[in-house]
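A short write-up of the structure that comes next.
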């Protein structure tokens, strides 16, 4: 139940950020080309919103298996080898995410200690940049969940988007379930 609420909140925040970026950019264009004016803070605000959207979207992509992967060779391996490769890949991804979390925490802490303000927005930069540690922490959680699924045998490997199977399915051809010998 709580997990579902968190997932819906994550999706709502991303939708809100995307809508706010679009509206702000549209309004900025109208102000610039119709009224020969503009908002000084619009570009910086859009940049920070994009950062939040991007870093939330990374973990969302892992949760929804939307990231693209090149796994044609891995799919030729036996199931046990696919699990091993998946765990190695997830381990490397977790290592990267932990390093990025550590670095982003250090960066944000320095911004906090220095009291640096954003250039055009009257807010301290560390507050706007919290997307870095929050995003990488969410990514670590999602990668750890995926690793648990692989380690416990509930997933064959790092689950990624399968564009080839999706395209074949859209064209009315063989789908993934039929190729594996199972039917819906």
- prompt: Going by alpha carbons, how many degrees (0 to 90, nearest 10) lie between the helix axis of 131-151 and the longest principal axis of the chain?
  reply: 10
field: Theoretical gain in end-to-end length, residue 11 to residue 109 [0.36 nm per residue, Cα-Cα removed]
entry: 32.5 nm
query: If the chain between residue 65 and residue 99 were fully stretched, how many nm would it gain, using 0.36 nm times the residue separation less the Cα-Cα distance?
result: 10.0 nm
- prompt: Got a sec? How would 105, 33 order by Cβ neighbour count within 10 Å, fewest to most?
  reply: 33, 105
message: Taking the 0 to 90 degree range and rounding to the nearest ten, how far is the long axis of helix 79-114 tilted relative to the main principal axis of the chain, both from C-alpha atoms?
response: 10
Taking N as its residue count, the alpha carbon Rg of segment 95-168 over 2.2 N^0.38 Å: 1.59
field: Kirkwood-based Rg to Rh ratio, the chain, C-alpha trace
entry: 1.08
- prompt: What's the center-to-center distance, using Cα atoms, between segment 16-39 and segment 90-126 in Å?
  reply: 28
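Run lengths n ≥ 4 of DSSP H only: what is the helix-derived mean residue ellipticity at 222 nm for the chain, with -39500 (n - 2.57) per run over all residues, to the nearest 500?
About -24000 deg cm²/dmol.
Read the figures in this text as sums done on the coordinates, not as results from a lab. Quantities reported herein were computed from a predicted structural model and do not represent experimental measurements. Cβ: placed from backbone, ideal geometry, glycine included. Neighbour counts: every protein chain shown.
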